[in-house]
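The values are calculated or read from the model by the stated rules, or taken from the named source; none is laboratory data. Just so it is clear, the structure is predicted and the values come from calculations on it, not from any experiment. FYI the Cβ positions are ideal-geometry reconstructions off the backbone, even for glycines, and counts take in every protein chain you see. When the accessible area is computed, the model is the full protein with side chains, heavy atoms only, and any ligands, DNA or RNA have been set aside. Shrake-Rupley method; radii C 1.70, N 1.55, O 1.52, S 1.80 Å.
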Amino acid sequence: MDQREQARRLSELYDEVLGGMRAPGAPRPLVAASWERSLAAAVDPELDQPPVVVDHEMVETLRESHPLRAVLPVLRQTLTTIADEASHIMIITDAQGMILWREGSAEVKRQADRIALSEGAVWSEDQIGTNGMGTALAVGEPVQIHSAEHLVRRIHEWTCAAAPVHDPDTGKLLGAVDVSGPLRTVHPAMVALVTAAAQLAEGQLRVRMAAADEMLRARNMRHLMALGDAPGALLTPTGRVLAVQPLEWLPNRLVVPEGADRIDLGDGREGLVERLDEGYLLRMPGTPVRRSRPSLQLKLLGSGQPTAIVGGREIALTLRRAEVLALLLLHPSGLTAEQLMLQLYGDEGNPTTVRAEMHRLRNLLGGGVLDTKPYRIIADVTGDVTQVQAALRNGNLDTALNLYVGPLLTRSDAPALRAERDELDATIRRAALDARSSDALWQFAQTPTGAEDLEIFESLAAALTPDDPRHAAVAARLDRLER
């Protein structure tokens, strides 16, 4: 049966089933179940367009933080060229069915615009009924929806195949990969194609997860080693077990409720969890923590004097020494003299100068804090900059704003630190704006970074109620910034 004949028969079946007439056949079980869900969500088969469409600025914001952004290259390589040549478009959605990216044939994109098959439109089943993306997200497996299998009539001239993409860490749904096109372009291999693309994307995410795991282990193994021979484990922020010291039995993942200090190990035992900058340290009750290394606390944010606190002793740092410690804090696996030179001075530096500075810094901080070959921090170190970064990664904006008192080493011109400073400032600013919370915006506005930011004060003025006591101060600052 050719595609047009199949579409005609599907259309007849559609009219009979949705018209309440006795039909000689029935939709595929997948399609019938999807129609049922869609109609239960009050989707109108005569719907003109998706009811939810987000503006371009919001789409850009969502793209920046979405995990699938990291695998765009492999999806483009797998799908876009084929889609373009076959008069299709490649679409990537988030877990709610919002289209974040759309690429492929220019002519097909123009046709897609007529039905709002474009960035920012939500194509979940409960918004626009049965369709490739929405149904793949609903059932959690690859699907192909052809012609009148779509619940909404105006999409009957389209066919689409989609496959869901899952987070290899948590298993949660991240979104869907879809290839859509006009009826004449349908091909039986479309489902296999999007399924392969989704599997490649998950494979790339798995590789990135393994690299992140290795970095987390390198930064945090000292906490596990501090237990000596006592049993314990190092956990990721999502509860996955990364490293273990002898325990009779431990699952691959543990549930760590927010704020909990004790958790169930799944066999009747109870473990103690300690929150680290990244992830958790698990130990058994009664296990003493052996603090064999000195503690080092670095205060590097804001316009005040950078300081190092070693074993309770506070040491004021010169700018250059603070820069060195900041770089070693941000590179826990260590840096050679040549690498430190490049990050501090660029191509005009001298490794001999770096070695001399490191010698003086080791004498200042005392033994057991810094190591050589490569240069790295071996003390039990915490730093305000890495604590803010970790809080932002974990979605804890309140914690990040409480710790963030200003930019990283504001007087530093070191190339690597300028880049780190700009990235941190931009990330926390964006998080405060996206939160759309008057408290978050107000707190950020009190920092040197936010105090002169027009957009922050515009958003804050819009978020405050007229009777809020902060309203007058915000209006005055906004007036000054606008002038």
Between the modelled labels at ASN402 and ASN363 (7 Å from Cα along Cα→Cβ) the distance in nm is 4.1
Place a label point 7 angstrom from the Cα of ARG206 along the Cα-to-Cβ direction, then list the residues of the range 161-176 whose backbone nitrogen is under 17 Å away.
-> 164-174
If you rank LYS172, LYS299, LYS109, LYS373 by how much accessible surface each has, with a 1.4 Å probe, what is the order from largest down?
-> LYS373, LYS172, LYS299, LYS109
On a 0 to 90° scale, report how tilted helix 454-463 is relative to the longest principal axis of the chain, with both axes built from alpha carbons and the result rounded to the nearest 10.
-> 60
Listed candidates [x] 88, 67, 50; [y] 102, 60, 45; [z] 81, 46, 40 - label of the one calculated as Cα extents along the principal axes in Å | [x]
Using the beta-carbon distance between LEU183 and ILE378 and R0 = 51 Å, what value does 1/(1 + (r/R0)^6) give for FRET efficiency, to the nearest 0.05?
-> 0.20
Probe 1.4 Å - accessible area at VAL53, Å² to nearest ten = 90
Mean Cα-pair separation over length for the range 223-369, i.e. relative contact order, pairs under 8 Å, 6 or more apart, % | 15
Which stretch or stretches of the range 358-374 have amide N atoms under 11 Å from the point lying 7 Å from THR336's Cα along the Cα→Cβ direction?
-> 374
Sorted peptide list for 380-391, 326-337, 352-363, criterion being average Cβ within 10 angstrom, highest first = 380-391, 326-337, 352-363
Fraction of accessible area attributable to carbon and sulfur, the range 176-251 (%, probe 1.4 Å) | 60
The helix 471-482 Cα axis meets the longest alpha-carbon principal axis of the chain at an angle in degrees, between 0 and 90 and rounded to 10, of 90
Segments 128-134, 207-213, 99-105 sorted - mean Cβ within 10 Å per residue, highest first = 128-134, 99-105, 207-213
How many Å² of accessible area per residue for the chain, probe 1.4 Å?
-> 48
The chain: antiparallel bridges as % of DSSP beta bridges, rounded to 5, reads 95
Could you tell me which of rounded, prolate or oblate describes the range 390-483, using a ≥ b ≥ c as the square roots of the eigenvalues of the alpha-carbon gyration tensor, with rounded for a/c under 1.5 and, failing that, prolate when a/b is larger than b/c and oblate otherwise?
-> oblate
Relative contact order for the chain using alpha-carbon pairs under 8 Å, separation at least 6, rounded to a whole percent?
-> 9
Note down the nm distance, to one decimal, between modelled labels 7 Å out along Cα→Cβ at ARG217 and at ARG483.
-> 6.1
For ALA432, net neighbour charge (Lys/Arg +1, Asp/Glu -1) across residues whose Cβ lies under 14 Å away | -4
For the range 257-374, with +1 on Lys and Arg beta carbons and -1 on Asp and Glu, the positive-most of ALA356, LEU319, LEU342 along the dipole = ALA356
